[in-house]
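Take a look at the structure below.
The values are calculated or read from the model by the stated rules, or taken from the named source; none is laboratory data. Values in this document were obtained by computation on a predicted structure and should not be read as measured data. Cβ: placed from backbone, ideal geometry, glycine included. Neighbour counts: every protein chain shown. Quick note on the areas: whole protein, heavy atoms, side chains included, nothing else; ligands and nucleic acids left out. Shrake-Rupley method; radii C 1.70, N 1.55, O 1.52, S 1.80 Å.
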Amino acid sequence: MAYFLYNFIVTAVFIACLPLLPLLYLLGKRFSEGLAERFGFYDRGRIISVAGKNPVWIHAASVGEVRAASHLARELKQRSPARKIIVSTFTATGNRIARQMGFADLVLFLPLDVLWIVRRAYARIDPSVLIIVETEIWPNLISELSSKKIPVYLLNGRISDRAIRKYRLIRGFLSGVLSKVDGIGVQDEVMRDRFIEVGAPSGRVHVTGNIKFDWQPAGQAEEAARVVGRRIRREGAVLCVAGSTHEGEEEMIFSAYKKIVERDPRFGLVVAPRHMNRIGSVEAAAARARVPIERLSVPSKGGIEAPVYILDRMGVLASLYRHADIVLMGGSLVPVGGHNLVEPAYYEKPIVFGPYMHNFKEMAAEFKKAGAAVEVRTESELVDALAALASDAPRRLELGAAAKRLVQRHQGATRRNIERFLSSLEPVPVSH
């Protein structure tokens, strides 16, 4: 009954939204990108590369999940180089990052979870297995593949504090969907308990760790970051990179910068907004704060470099952390939920984050417990923390080393997931 009701609601909403389709095209690429693929229509010239080859299908909703998916894909490719891998994403940003990273044979948009669309997508993709990264539970997609005897795995699983409250309300429905998932690899014991609580069969849920700790820099991004790094590094300067910032954060960051630079003129800043379409609003915030700022894609005016830069290129930030002295994690000063701490930790950088790390709650708690990061709760605390680190090189080294040790302790989740759930995948012979 619950499954019938779900399909009734999904179909009704789909039909009601159909008249709006022309409007999406009129609004431009941002709204229309990938629309045909979301309806299960794939370009024949692109899909032919994996047609009839029973690819591994990995679904990664957005940027964070895409980066986790890249570890799985590369490990699977290393074990069987001829294996074809398809990655689907929900967001356009995630789609662009997946294509830019180049770890998949084909990158698509996830089909809408409408039964006839899912069946059409399955017929075109014909996967050997579906891997869902983290927690995207699509009932029709999971049920359709399960009915075709295609294994479905949910890896790097987590359920947030916010989601668990909603999932408890529909436990009866979720238990039916999760019973069709062949295996669930979760990040820790807390997540194992949560999946079981919302209906996952306990025997199929295993703690395999957090794949995001297995992050490694990509060669192409490293080279691009090296070029940028040569520009932003000034002799004697202490450089703070504010990574993946969101609306409302730049005002605080620029205000803090002005106060810090009064104490310590060596302090430099790079602001890297999470979404490139916000570059203009970041520049406007800098203008209001009377902070001179330049885009890193634009040559400096008159050969004089600004003390503050905007990183306006995607795919470079993680590798750019190598050139930072301090990293301020965006998405944590406003109620967004923070971002992945592993990337700056990999380069042994001291990390500062705000009070809103709920999307990385367990990771943030571990970093604090290990003395590998500094949490600030107010703008004045932010100023004090950044100024203190700017003037204390040994403390920066101490925090960075602790962060690196923490990452190394947690590495190996990719291998554990593959050995637990995907070891039965037959190697694909190399065609000659």
Inset, instruction - Classify the range 1-64 as rounded, prolate or oblate, taking a ≥ b ≥ c as the square roots of the eigenvalues of its Cα gyration tensor: rounded when a/c is under 1.5, otherwise prolate if a/b is larger than b/c and oblate if not. - result: oblate
Inset, instruction - Would you be so kind as to identify which of V376, L406, Y153 lies farthest towards the positive end of the dipole of the chain, taking Lys and Arg as +1 and Asp and Glu as -1 on Cβ and the Cα centre as origin? - result: Y153
Inset, instruction - Report the one residue of L169, I418, Y309 whose Cα lies farthest in the direction of the positive end of the charge dipole of the chain (charges on C-beta: Lys and Arg +1, Asp and Glu -1; origin at the Cα centre). - result: I418
Inset, instruction - Pull out the extension gain between R233 and L21, defined as 0.36 nm times the separation in residues minus the alpha carbon to alpha carbon distance; nm, one decimal. - result: 71.6 nm
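Carbon and sulfur together cover what percent of the accessible area of the range 374-432 at a 1.4 Å probe radius?
So the carbon and sulfur contribution to the accessible surface is 51 percent.
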Legend entry - Unit charges on C-beta of K, R, D, E only; dipole of the range 120-221, Debye: 380
Inset, instruction - Name the residues whose placed amide hydrogens come within less than 5 Å of the amide hydrogen of H59, ignoring near sequence neighbours (fewer than 5 apart) on the same chain. - result: S88, I131, I132, V133
Legend entry - Amide H within-cut-off set for D312, under 5 Å, with H built and near neighbours excluded: L296, S297
Legend entry - Cα gyration tensor, the range 319-432 - rounded (a/c under 1.5), prolate or oblate: prolate
Inset, instruction - Would you please calculate the Kirkwood hydrodynamic radius of the range 150-282 over all C-alpha pairs and express it in Å, rounded to one decimal? - result: 18.9
Legend entry - Binned Cα-Cα distances of the chain, short to long, each 20 Å bin given as a whole percent: 24, 54, 22, 0
Inset, instruction - With a probe of 1.4 Å, find how much accessible area the chain has per residue, and write the answer as a whole number in Å². - result: 45
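What is the gain in length, in nm to one decimal, between K29 and R415 on full extension, counting 0.36 nm per residue of separation less the C-alpha to C-alpha distance?
Values: separation 386, 0.36 × 386 = 138.96 nm, distance 3.79 nm.
Between K29 and R415, full extension yields an extra 135.2 nm.
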Inset, instruction - Would you look at the GNM of the chain, springs on alpha carbons closer than 10 Å, and say which of L35, L108, L320 moves the most? - result: L35
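With charges set only on the Cβ (+1 for Lys and Arg, -1 for Asp and Glu), what does the dipole of the chain come to about its Cα centre, in debye to the nearest 20? Could the numbers behind the result be given before it?
Details: 60 positive and 44 negative charges, 156 e Å.
Taking the Cα centre of the chain as origin, the dipole is about 740 debye.
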Inset, instruction - Can you send over the carbon and sulfur percentage of the accessible area for the range 90-210, probe radius 1.4 Å, protein chains only? - result: 51
Inset, instruction - Return the single residue from E197, E189, E235 with maximal mean-square fluctuation; model: Gaussian network over the chain, springs between Cα atoms under 10 Å. - result: E235
Legend entry - Anisotropy class of the range 51-116 from Cα gyration tensor, a/c 1.5 cut: oblate
Legend entry - Placed amide H near G157: partners under 5 Å, 5+ positions off or other chain: E134, G185, V186, Q187
Legend entry - the range 356-382 and the range 171-189: distance between their alpha carbon centers, rounded to Å: 30
Inset, instruction - For the chain, with a Gaussian network of springs between Cα atoms less than 10 Å apart, report the residue from V291, V407, V327 with the top mean-square fluctuation. - result: V291
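From the cross-link list K149/K212; K258/K404; K368/K404; K29/K77, which pairs have alpha carbons spaced over 23 Å apart? Display every interim value, and only then the final one.
Values: K149/K212 29 Å; K258/K404 30 Å; K368/K404 13 Å; K29/K77 32 Å.
In this structure, K149/K212; K258/K404; K29/K77 exceed 23 Å between Cα atoms.
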Inset, instruction - Give me the aspartates and glutamates in straight-line cross-link reach of K84: C-alpha distance below 18 Å, same-chain residues under 8 apart excluded. - result: D43, E75, D105, D126, E426
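Please get the size of the charge dipole for the range 144-280, origin at its Cα centre, with Cβ charges of +1 on Lys and Arg and -1 on Asp and Glu, quoted in debye to the nearest 20.
Values: 24 positive and 17 negative charges, 43 e Å.
Dipole size: approximately 200 debye.
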